[in-house]
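Enquirer: Handing you a structure now.
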Amino acid sequence: MSLWMSLLQTGSLRALDVALAETVQRQDPGASDAVLAGVALASLAVSHGHAALDLARPQLLVESHTAWPSVDAWARALADARCVASPAQPDLESEPKPLVLENGLLYLRRYREYERRLARGLRGIAAHSIDADPAPLAPLFRQLFPSGDADDLQAQAARLALERTLLLVTGGPGTGKTTTIARLLVLRIAQSRNAGRPDPRIALAAPTGRAAERMAANLQRAAAQMAEDGVESTLRAALPESASTLHRLLGVIPDTPRFRYGAEDPLPLDIVVVDEASMVDLPLMCKLVEAVADGAQLILLGDADQLPSVEAGDVLASILGATGDGQELQGARVHLKRSWRQSAALDLAPLAAAVCDGNSASALALLHGGRLSNVRFHADATDPLAACPQLLEHWCALAAFDDPAQALQHVGAMCLLTALRDGPQGATTLNARIETLLSGQPAGRSSAWFRGRLLLIARNSPEHGLSNGDVGICLPDAQGQPRVWFAASGGMRAFHPAALPAHESAFAMTVHKAQGSEFDTVFLQLPGRDARVLSRELLYTGITRARNSLHLAASEDVLTTALARRAQRVSGLTARLQVAGVRKPYPATVCPVSDAG
């Protein structure tokens, strides 16, 4: 049986993947089954978050016992196909064919071009330098970084920000990324003034609305600390007061994948700071980088141990992989040392370190030992509502609020996170149970708009001024009519339920959906059996959403298997970021998130 027929019979492909292969077959009736299988798998790869199909590792996509062809034979068949382009150089635009084959990677052409354009854009940003004498800033620098320690990594990041137009600042929770950014921005403002130039135009952005709000709040706290330290008020006043989503920053054009700002019409900004960069997918990062004006500065903040983006690409890890010795982006990264400290009450450091290392023996010993303050392990628990009655109490309390602003503030006190969307321990199933319990209606008859219902916006909606990830709450207005309330820069905004864009309940959220957010208490529920999405990166991202206390529910077997698995993404971006003029053959790479850089 051919590979194509095997994939069809085992149900390994989506309808979209099959349709693409059948379209290619209509255009090229002579296309072999090996080519059709490659086309379908390249499409499937993108849905799994990969930039391309790695011909050497198709098992990343399909778990069934399939007889895979040899890599060389498969590559030859694809190279001879009319639908596949094979560019002579990785920095050249490919022929306008549906797929592109390069060094063992089979791309949908659009994603190959995103990689190529992103690499070109990053090299272009990094090629510039900031032309200003840093010497006059020495007194302010000592005020902002008084230790004067050569090992002060926050000070090192600030020094680089005064010289380089591309800067990557990475580190785990509590390592001071936002504090570093606030102080280096003050230095950049002073640098411009000393050079007789206007204050730099600065924008703060993040992938989601919640991450943007948290970024802005953290920067304001850092500014307040600088005020206590005596930093000049006019410098602090020039710091941005708000942050936006990346989509809002770039200017969404409704009903199109395009943005207002891009290579032909760049952002009117001098400094762009992006938080939670690990969440940014390949197409969006490409469009962001192309929109950065010539000579402007791009600063990316992120935690390399977190989950990669939901959509295709593991961009932050790939970029960090090109910052080592001899690479074109050498020296552009500063990695702040991990403190892991969420609050004085939560001792997460040892567990987070064990999870990042994939050390299940150490992690289980810590969880069973009871030595971690405010960390509780619910061994073998599969029902979070039974294991932690405080969850339901927390959601019931939301209905008692009359002020939606106070209600939304209370939402951050507790959260139920899941690894999966579907299944008995999935967010969809748990949300249906929770809605039935809170509404007081029988299953299937619960009122969709009961008081205190939480919901999550599922896609960006510029016409509503709402972004993917925004959380709202259902409370009555002054006339007693149900309205869904969202926090906004000018106060609360209310929507009639029928007017809302795509949304879902938000009592239980997947770890991916919660990325970029923090909660006082987190209950992380793992599924009762292993699933491919479980990885040490997912566990790390989930547990580090907690500020004050953490509950983890899992069996030892599931936890051990998850910690042995890495979140892997196929990408050719790191290899494209080689030193200019050095074009070595670049192999198909699988980027492990935690080892990036």
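Enquirer: Residue under question is residue 73, and the condition is that it be buried (at least 23 other Cβ atoms within 10 Å of the Cβ) and either within 27 Å of the chain's Cα centre (by Cα) or under 25 Å from residue 5 (Cβ atoms) (or both); does it hold?
Expert: no
Enquirer: Go through the residues of the range 385-403 one by one and say whether even a single one is more than 30 Å from residue 255 (Cβ to Cβ), part of a loop (DSSP other than H, G, I, E, B), open to solvent by less than 60 Å² (accessible area, probe 1.4 Å) and among the aromatic types (Phe, Trp, Tyr).
Expert: Checked the range 385-403: at least one residue is more than 30 Å from residue 255 (Cβ to Cβ), part of a loop (DSSP other than H, G, I, E, B), open to solvent by less than 60 Å² (accessible area, probe 1.4 Å) and among the aromatic types (Phe, Trp, Tyr).
Enquirer: Here is a check on your reading of the model: is residue 449 at pLDDT below 90 and either touching a helix residue (DSSP H, G or I) at 6+ places or on another chain (Cβ under 6 Å) or part of a loop (DSSP other than H, G, I, E, B) (or both)?
Expert: Yes, satisfied.
Enquirer: Quick check, is residue 510 under 14 Å from residue 418 (Cα atoms), surrounded by 17 or more Cβ atoms within 10 Å (Cβ to Cβ) and touching a His at 6+ places or on another chain (Cβ under 9 Å)?
Expert: Here the answer is no, as residue 510 does not meet what is asked.
Enquirer: Among the residues that make up the range 333-347, is at least one of them acidic (Asp, Glu) and surrounded by fewer than 16 Cβ atoms within 10 Å (Cβ to Cβ)?
Expert: no
Enquirer: Find the residue count for the range 467-511, including only residues that are of a type outside the set (Ser, Thr, Tyr) and assigned to a strand (DSSP E or B).
Expert: Residues in the range 467-511 being of a type outside the set (Ser, Thr, Tyr) and assigned to a strand (DSSP E or B): 22 in total.
Enquirer: Can we say residue 378 is crowded, with 19+ Cβ neighbours inside 10 Å and more than 27 Å from the chain's Cα centre (by Cα)?
Expert: Yes, satisfied.
Enquirer: Does at least one position in the range 538-548 carry a residue that is in a loop (DSSP other than H, G, I, E, B) and under 22 Å from the mean Cα position of the chain (by Cα)?
Expert: Yes, the range 538-548 has at least one match.
Enquirer: So, of the residues in the range 255-280 that are in a loop (DSSP other than H, G, I, E, B) and in contact with a Pro (Cβ under 6 Å, 6 or more places away or on another chain), which turns out to be surrounded by the fewest Cβ atoms within 10 Å (Cβ to Cβ)?
Expert: Out of the qualifying residues, it is 270.
Enquirer: Here is a follow-up. Has the range 552-560 got any residue that is of a type in the set (Val, Ile, Thr), open to solvent by 10 Å² or more (accessible area, probe 1.4 Å) and within 30 Å of residue 55 (Cβ to Cβ)?
Expert: no
Enquirer: Further question: Return the only residue of 206, 182, 157, 216 being touching a residue at least 12 places away in the same chain (Cβ under 8 Å), open to solvent by less than 10 Å² (accessible area, probe 1.4 Å) and under 15 Å from residue 272 (Cβ atoms).
Expert: Selected residue: 206, the only one of 206, 182, 157, 216 that is touching a residue at least 12 places away in the same chain (Cβ under 8 Å), open to solvent by less than 10 Å² (accessible area, probe 1.4 Å) and under 15 Å from residue 272 (Cβ atoms).
Enquirer: Taking the options 52, 56, name whichever one is in contact with an Asp or Glu (Cβ under 9 Å, 6 or more places away or on another chain) and closer than 22 Å to residue 313 by Cβ.
Expert: Selected residue: 52, the only one of 52, 56 that is in contact with an Asp or Glu (Cβ under 9 Å, 6 or more places away or on another chain) and closer than 22 Å to residue 313 by Cβ.
Enquirer: Name the one entry in 85, 31, 81, 15 that is small (Gly, Ala, Ser), without any contact (Cβ under 8 Å) to a residue 40 or more places away in the chain and surrounded by 13 or more Cβ atoms within 10 Å (Cβ to Cβ).
Expert: 85
Enquirer: From the list 494, 499, 487, 478, pick out the single residue that is open to solvent by 10 Å² or more (accessible area, probe 1.4 Å), among the aliphatic types (A, V, I, L, M) and free of Cβ contacts under 8 Å to residues at least 24 places away in the same chain.
Expert: That would be 478, the only listed residue that is open to solvent by 10 Å² or more (accessible area, probe 1.4 Å), among the aliphatic types (A, V, I, L, M) and free of Cβ contacts under 8 Å to residues at least 24 places away in the same chain.
Enquirer: Right, another one. Among (1) loosely packed, with under 14 Cβ neighbours inside 10 Å; (2) of a type in the set (A, V, I, L, M); (3) modelled with pLDDT of 90 or more, there is one condition residue 99 misses while meeting the rest; what is its number?
Expert: Condition (1) is where residue 99 drops out.
Enquirer: Yes or no: residue 119 at pLDDT 90 or above, outside any helix (DSSP H, G or I) and surrounded by 21 or more Cβ atoms within 10 Å (Cβ to Cβ)?
Expert: So residue 119 fails the test.
Enquirer: Same structure, new question: Which condition breaks for residue 413 when tested against (1) among the hydrophobic types (A, V, I, L, M, F, W, C); (2) surrounded by 21 or more Cβ atoms within 10 Å (Cβ to Cβ); (3) within 30 Å of residue 558 (Cβ to Cβ)?
Expert: (2)
Enquirer: Given the criterion within 26 Å of residue 42 (Cα to Cα), at pLDDT below 90, among the basic types (Lys, Arg) and within 17 Å of the chain's Cα centre (by Cα), identify the matching residue among 584, 513.
Expert: Result: 513 is the single residue among 584, 513 that is within 26 Å of residue 42 (Cα to Cα), at pLDDT below 90, among the basic types (Lys, Arg) and within 17 Å of the chain's Cα centre (by Cα).
The values are calculated or read from the model by the stated rules, or taken from the named source; none is laboratory data. Bear in mind that the values here come from a model prediction, so they are computed numbers and not experimental data. Using ideal geometry, Cβ is built from the backbone for each residue, glycine included, and neighbour counts are taken over all protein chains shown. Heavy atoms of the whole protein, side chains included, go into the accessibility calculation; ligands, DNA and RNA do not. Shrake-Rupley method; radii C 1.70, N 1.55, O 1.52, S 1.80 Å.
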